[in-house]
Amino acid sequence: MPSARQHAIDIVRTLRERGFQAYLCGGCVRDLLLERQPADYDVTTDATPDQVMRIFPETYAVGAQFGVVLVPIPQDDRSPDEPAISPDDTVASASLPFAKADVVEVATFRSDVSYTDGRHPDAVRFSKDPREDVERRDFTINGLLMDPISGEVLDFVGGRADLEAHIVRAIGDPERRFTEDKLRMLRAVRFAARFGYAIDGATFRAIQKLAPQIHQVSAERIRDELTKMLTEGHARQAFLLLDESGLLREVLPEIAAMKGVEQPPQYHPEGDVFVHTLLLLENLPHPCSPTLAWGALLHDVGKPATFRVAPDRIRFDGHVEVGVKMGEAVCRRLRFSNDDTGRILALIDNHMRFAHVLQMKESTLKKFLRMPQFDEHLELHRLDCQASHAILTAYEFAKEKLASIPPEKMRPAPLVTGDDLIAAGYRPGPLFKEILTAVEDGQLEGRLQSKEEAMQFVEHEFAPQ
């Protein structure tokens, strides 16, 4: 199977052999010039979508009305189990049976007429001029074209100079670029954080002015952009820029509310809740799962609402319970899947339990350690400690127990089942769960080691109804 890069070069070469202009474009050119590995490859051409689909009969016309066609790696180079692709298929990108890295997006040179919905152009006009196509793109560093055969770079907007100066700058009038697609405001922040660049002054002022209009963007697009910020390795800087730009209070007011919320210095010498949260984000592992990243961001989301100054110290009574409710509201607003929502809320709900891990009964400890995705809970606790008092006693204890307890001791086969209880004269009902839990606890603690011992325990402790 050819690499994505080779596939893109082959597409460019084929289009040129047919008499069309064709170049690599967008982020892949930027990354190649920065000597980074591109995540995917895009091609721009003066061939229309219909012409592209005739030249490459296996395509997905995911946005043909906007001039965009996806060209997968040729069928002969894919495994027999991969689905065949019809040239007439027009589907949503979310349902594509392959990763974006396995296709090349081929877009026709175009100019856009207007964007009344803040996302899609109302109409497009195909063009023969690559300069015209570049001038409707988002940022100068993403507006470079490359001939992958000769290596020549076409720069109509000063993108190379901005790469060298480490600047994220909108192409043309920043307000117009952001009015066309409001998500570009979040993308400017993400690119600046990812590359450690500054945002051009006029571009940043336009973001500050238009930040309240970010709500025109769908919740899913906002969520995905924020998730990239959290998981690309520069989350702290991204959230500082979100705050400074005014976008944070628009997309995540719950996080903006953490600013200035003091914490007891004996436990949190680092500062307020916002500072603490930023420290967690700074130390997120890279790569990092989205659920761990969001759990780290939201683990103390309930603190501002529960802040009080008691005679002994600052307290946040019930902040976990409040945080779970607030975290659920955030996840629902941003349209997380039920599975991701459950994992994020579990991280919020359990992050304070590590404070008691050394005092837990053996049964409670084993149940705690065998929670789904416990590795994320353990990592969140480590991050939480390192961003505050830096005491890792509970972390090391839990990690050692997790490594030393065999799986059959952590999750043993049940000694007693519901059928056993029925055979012994117990009627199904709420008592069943209580009995089975008590037996499991005795088993996990080593007090019950056989079915006979377990049934004797049941008959002694629970009289049949």
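Numerical summary
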quantity	calculated
Residues of region 208-220 that turn out to be polar (S, T, N, Q), in a helix (DSSP H, G or I) and farther than 20 Å from GLY172 by Cβ, as a count	1
Residues of region 181-207 classified as in a helix (DSSP H, G or I) and among the hydroxyl-bearing types (Ser, Thr, Tyr), total	1
Flag for ALA61 being surrounded by fewer than 19 Cβ atoms within 10 Å (Cβ to Cβ) and either touching a residue at least 12 places away in the same chain (Cβ under 8 Å) or more than 17 Å from ALA107 (Cβ to Cβ) (or both)	no
Hey, VAL189 free of Cβ contacts under 8 Å to residues at least 40 places away in the same chain and crowded, with 21+ Cβ neighbours inside 10 Å or not	no
First in region 406-418 and under 15 Å from LYS367 (Cβ atoms) and at pLDDT 95 or above, second anywhere and exposed (fewer than 14 other Cβ atoms within 10 Å of the Cβ) and of a type in the set (Ser, Thr, Tyr), Cβ under 7 Å, 6 or more apart	none
Every residue from region 345-363 that is under 20 Å from GLU440 (Cβ atoms) and among the charged types (D, E, K, R)	ARG353, LYS361, GLU362
Flag if TYR197 is modelled with pLDDT under 95 and aromatic (Phe, Trp, Tyr)	no
Residue within region 361-372 that is open to solvent by 70 Å² or more (accessible area, probe 1.4 Å), modelled with pLDDT of 95 or more and of a type in the set (S, T, N, Q) present	no
In region 327-339, the residues that are assigned to a helix (DSSP H, G or I), open to solvent by 50 Å² or more (accessible area, probe 1.4 Å) and not basic (Lys, Arg)	GLU328, ALA329, ASN338, ASP339
Condition met for GLY201 (open to solvent by 20 Å² or more (accessible area, probe 1.4 Å) and on the phi > 0 side of the Ramachandran plot)	no
ALA394 of a type in the set (Gly, Ala, Ser), in a loop (DSSP other than H, G, I, E, B) and either buried (at least 17 other Cβ atoms within 10 Å of the Cβ) or out of contact with any Leu (no Cβ under 7 Å at 6 or more places or on another chain) (or both)	no
Qualifying residues in region 29-57 (those that are part of a helix (DSSP H, G or I), touching a residue at least 40 places away in the same chain (Cβ under 8 Å) and out of contact with any helix residue (DSSP H, G or I) (no Cβ under 7 Å at 6 or more places or on another chain)) - the one surrounded by the fewest Cβ atoms within 10 Å (Cβ to Cβ)	LEU32
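The values are calculated or read from the model by the stated rules, or taken from the named source; none is laboratory data. Since the structure is predicted, the reported quantities are computational estimates derived from the model, not experimental observations. Cβ sites come from the backbone with ideal geometry, for glycine too, and all protein chains shown count toward neighbours. Accessible surface is based on the protein model in full, side chains and every heavy atom, while ligands, DNA and RNA are left aside. Shrake-Rupley method; radii C 1.70, N 1.55, O 1.52, S 1.80 Å.
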